[in-house]
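What follows is a set of notes on a single structure, which appears directly below.
Every read-out reported here was derived from the displayed coordinates using simple, explicitly stated rules and does not represent laboratory data. Remember, predicted model here, so these are calculated numbers, not experimental data. In this analysis, Cβ positions are derived from the backbone assuming ideal geometry, glycine residues included, and neighbour counts consider all displayed protein chains.
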């Protein structure tokens with residue numbers, strides 16, 4: 001565990017200078033089309049994956065990439081870690097997601113979010129915020145973009161009971177486009193609320209898209225079932241790998 005501590009410490013020491021480096025590299029994109037800033041974001045994501053592999057011995061595997069539809073889309077992803085917020089964007093040509101309005105105040109980073117035309121909301125507005133998200137999501141999707149949403153609304157540790165919100169179904173019905181479910185086991189290797197990073201094989205799996213036009217209740221049942229079943233399978237495999245490496249599953253990645 002000493003080695004994991006030192007490797008995690010080194011990764012975090014390098015993570016933030018790396019972030020600042022790409023913020024500076026991206027400066028010219030403020031005068032360029034939106035795709036330019038998204039391209040630099042993808043380079044940043046790839047650089048983090050390299051650091052994860054070299055320093056923390058975390059290998060990343062993507063499955064089902066061939067299932068990603070072209071054109072307007074909703075992407076409903078399991079959310080266990082900060083990692084997927086960085087890494088998912090690279091698979092889509094015009095992605096956008098919902099973020100806290102406060103993030104727009106971060107120097108440079110906030111300006112890039114505006115340039116990428118992300119949807120910022122005031123969470124204290126409650127139902128009004130959800131209505132705004134639905135309206136903006138429908139507008140952007142109808143212009144051919146891909147909307148990335150985490151149906152549980154926040155990060156959940158591996159093995160925690162699912163807490164899917166109705167908002168994803170409302171947006172799905174309103175947009176009238178396919179929905180791509182995404183399962184993963186990132187919380188085993190990049191857990192929330194700790195700086196520790198654990199070695200192993202981090203897997204993100206794109207599942208079969210759900211067609212547009214499903215009734216809301218049927219959609220909610222299917223999206224939760226397919227994501228949770230696949231996520232549980234990936235988590236079980238990841239924990240088996242960790243048990244071989246450590247003789248047990250690290251306590252910090254349990255719910």
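Relative contact order (percent) for segment 1-83, with alpha-carbon contacts under 8 angstrom and 6 or more residues of separation?
Answer for segment 1-83 is 31 percent.
At what distance in angstrom do the alpha carbon centres of segment 163-211 and segment 76-152 lie from each other?
14 Å
Restricting to bridges with both residues inside segment 50-183, how much of the DSSP beta-bridge set is antiparallel, in percent to the nearest 5?
Percent antiparallel among DSSP bridges in segment 50-183 is about 0.
Could you tell me whether segment 97-222 comes out rounded, prolate or oblate from its Cα gyration tensor? Rule is a ≥ b ≥ c as square roots of the eigenvalues, rounded for a/c under 1.5, then prolate if a/b exceeds b/c, otherwise oblate.
oblate
Tell me the relative contact order for segment 2-253 as a rounded percent, counting alpha carbon contacts under 8 Å between residues six or more apart.
Normalised by residue count, the contact order of segment 2-253 is 25 percent.
At a threshold of 8 angstrom on Cα-Cα distance, excluding pairs fewer than six apart, so keeping six or more, what relative contact order does segment 76-139 reach in percent?
26 percent
Please label the shape of segment 2-253 as rounded, prolate or oblate, based on the square roots a ≥ b ≥ c of the eigenvalues of the alpha-carbon gyration tensor (a/c under 1.5 means rounded; beyond that, a/b larger than b/c means prolate, else oblate).
Oblate shape, in that a/c is at least 1.5 and b/c is the bigger or equal ratio.
Antiparallel DSSP bridges in the chain: what percent, to the nearest 5?
So the antiparallel bridges in the chain amount to around 15 percent.
Counting C-alpha atoms alone, how compact is segment 194-255: give Rg to one decimal and Dmax as a whole number, in angstrom.
Rg then Dmax for segment 194-255, in Å: 15.6, 47.
What is the calculated FRET efficiency for residue 59 to residue 117, with r their C-beta to C-beta distance and R₀ = 30 Å, to the nearest 0.05?
For R0 = 30 Å, the calculated efficiency reads 0.35.
Pairwise over distinct Cα atoms, reciprocal of the mean inverse distance: report the Kirkwood radius of segment 7-95 in Å, one decimal place.
Answer for segment 7-95: a Kirkwood hydrodynamic radius of 14.6 Å.
Neighbour counts of other C-beta atoms within 10 Å: give me 186, 87 arranged from fewest to most.
With the sparsest Cβ surroundings first, the list reads 87, 186.
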